[in-house]
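The values are calculated or read from the model by the stated rules, or taken from the named source; none is laboratory data. Fair warning: this is a prediction, and the values are worked out from it, not measured in the lab. Please note: Cβ atoms are built from the backbone with ideal geometry, for glycine as well, and neighbour counts cover all protein chains shown.
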Amino acid sequence: MRLSKLNINTLIILITALFYADYAQSSSSLITLSNKNIEVGILPEVGGRIVLLKKPGFNNILKSDKKLWQNPEKQKPKISAFSDFKAFNGHITWVGPQSEWWTHQSLNMDRNNSKADWPPDPYLIYGKNKIISKSDTSVKMVGPKSPISGVQLYKEISINSSGIVTVKSTAENIRNENISHDLWMLTRLDGFAKAYVPLGKNGILKLVYGESKTSEPTPYKIIDGYFTFNPSIPVNPKTEQVQEVHLYPGNSFIAGFSKGQMLLIRFKKLDKNLIYPQHGLVELYNDINEKDGDRLLELEVHGEYKTLVPGETISLTETWELLPYDGELNSNDQIKFINDIRN
C-alpha cells in the first residue's frame, strides 16, 4: 500500500504528537489522587507541594503553571542557603515566624544579619520529597533535612469517597538543641479569586501594607461578619494593589471562590496566645498588578508556635472540601452559598 504525501505528513504529525504526549507524561513527576468527586495533583520533587485541585470536569482552582510540572528537577532553583525564589505556587508548607527564617543558620550570614524575611527556606519548598507510601487515595512523603530551619517535614495527603481532602504536615526538630517554630500552610489562588473569613471579636489583628509611590493597599470589606478583599486593576500612576491581613476568625474556616468552584478550608481553632505574636491564625495576602501571571491570593493558616526539644515534632492539618459554584459573582450570593453549605 502506497501512502500519499499528505497521508505521510499526517502520520508524522500524529506520531510526533503521541511522542511528546508520552514524553510530557514521563517527564512529569505529578502524582494524582482522584475519584469521581475530586482530583489532587502533587509534585514530590518540588517540596511535595499540591499543584492541582479540581472537581472532575472543572479547571484547576489553584494558581499553578502547568509548564513547571514538566522536568521539575530542571525547572526549580538549585537548593542552597543562597537560593533565589521561584513561584511554583499551589499549596505549600512553610515554618514561622517569618522574621526568624534566616536567624537560626550561619550558612548565609548576610541573610542572618539582616534578619531577611525573604525568601522562604528553599530546602522546605523545593526539596525533593521521598515517597514513604502511596495508594490510590493517599500519599506519605518526607522531605530533606533543612540546615536553615533545623527541621525535616513529613507530609500526608489523602482523599475520601466524598471528595474531602486531608492535608497534614509534620515538622521534626533534627538539631541537637531546642528550636522554636510554627507550621504555616499557604494555598494560592488567582489574584481575582474571592476569599471569605468569618471574623471573631476584634478579628482584624493587623493590616501590613500601606500606600507607596507605585502601590496602593488592596481594598477590603466586612460583609455579614465576613472579611473579604475587593481588588481591582490599579489606576495610573499606581501599578500594584497589595495587602496582607492577619485575622482571628470566629469560625475555623476560609472559603475561596474561583474557576466555578468554592474551596472550603477547615482547620483547628487555636487560642490567640498559642499563635506567634507577629502572625494571625489566618492570614490573607492579595497582590494585583499589571502582569496577569503574577496576580495572587494566598489563603494562609498558622499552627501553634512551640519550642521543640531534639526529635520532637509539631503538626498542622487542614481539610478541604471543593464544591461546584454557578451562582452570581458577588459577595452577597457567595456568602449565602457559604452559609447554606454550613447549615
**OP:** Kindly provide the set of residues from the stretch 139-185 that are in contact with a Gly (Cβ under 7 Å, 6 or more places away or on another chain) and of a type in the set (Val, Ile, Thr), ordered by number.
**Re:** 174, 179
Subject >> Output for the stretch 295-332, where each listed residue is among the acidic types (Asp, Glu) and in contact (Cβ under 8 Å) with a residue 40 or more places away in the chain >> reply: 298, 300, 304, 312, 318, 321, 326
Original post:
Does at least one position in the stretch 267-280 carry a residue that is surrounded by 21 or more Cβ atoms within 10 Å (Cβ to Cβ), within 28 Å of residue 232 (Cβ to Cβ) and in contact with a strand residue (DSSP E or B) (Cβ under 6 Å, 6 or more places away or on another chain)?
Top reply: yes
Original post:
Is it the case that some residue within the stretch 51-59 is closer than 24 Å to residue 278 by Cα, modelled with pLDDT of 95 or more and part of a loop (DSSP other than H, G, I, E, B)?
Top reply: no
Original post:
Which residue pairs have Cβ atoms closer than 9 Å, lie 6 or more positions apart in sequence or on different chains, and pair a first residue in the stretch 20-49 that is over 19 Å from residue 79 (Cβ atoms) and of a type in the set (Asp, Glu) with a second residue that is at pLDDT below 50 and surrounded by 14 or more Cβ atoms within 10 Å (Cβ to Cβ)?
Top reply: none
Original post:
For the stretch 246-263, what are the residues that are touching a Gly at 6+ places or on another chain (Cβ under 8 Å) and of a type in the set (A, V, I, L, M)?
Top reply: 247, 262, 263
**OP:** Scan the stretch 322-337 for residues that are crowded, with 18+ Cβ neighbours inside 10 Å and closer than 30 Å to residue 87 by Cα and jot them down.
**Re:** 322, 325, 334
Subject >> Selection count where residues are farther than 24 Å from residue 75 by Cα and either buried (at least 18 other Cβ atoms within 10 Å of the Cβ) or under 18 Å from the mean Cα position of the chain (by Cα) (or both), scope the stretch 123-155 >> reply: 2
**OP:** Identify the single condition in (1) polar (S, T, N, Q); (2) farther than 28 Å from residue 116 by Cα; (3) at pLDDT below 95 that residue 158 does not satisfy, given that it satisfies every other one.
**Re:** (3)
**OP:** Taking residue 286 as the residue in question, decide whether it is touching a residue at least 40 places away in the same chain (Cβ under 8 Å) and in contact with a Phe, Trp or Tyr (Cβ under 7 Å, 6 or more places away or on another chain).
**Re:** yes
Original post:
Which one of the conditions (1) more than 20 Å from residue 32 (Cα to Cα); (2) surrounded by 21 or more Cβ atoms within 10 Å (Cβ to Cβ); (3) of a type in the set (Ser, Thr, Tyr) does residue 187 fail to meet, given that it meets all the rest?
Top reply: (1)
Original post:
Condition test on residue 240, is it within 19 Å of residue 206 (Cβ to Cβ), touching a strand residue (DSSP E or B) at 6+ places or on another chain (Cβ under 8 Å) and not aliphatic (A, V, I, L, M)?
Top reply: no
Original post:
Which residue out of 190, 117 is out of contact with any Pro (no Cβ under 6 Å at 6 or more places or on another chain) and under 18 Å from residue 85 (Cα atoms)?
Top reply: 117
Subject >> Where a residue in the stretch 232-254 is within 16 Å of residue 267 (Cα to Cα) and its partner, wherever it lies, is polar (S, T, N, Q) and at pLDDT below 95, with Cβ under 8 Å and at least six apart >> reply: 248/202
**OP:** Residue by residue through the stretch 157-173, note down the ones that are farther than 13 Å from residue 43 by Cα and surrounded by 16 or more Cβ atoms within 10 Å (Cβ to Cβ).
**Re:** 158, 159, 163, 164, 165, 167, 168, 169, 170, 171, 172, 173
Original post:
Any residue in the stretch 189-198 that is over 30 Å from residue 334 (Cα atoms) and among the aliphatic types (A, V, I, L, M)?
Top reply: no
**OP:** For the stretch 277-332, enumerate the residues that are within 16 Å of the chain's Cα centre (by Cα), among the small types (Gly, Ala, Ser) and outside any loop (DSSP other than H, G, I, E, B).
**Re:** 293
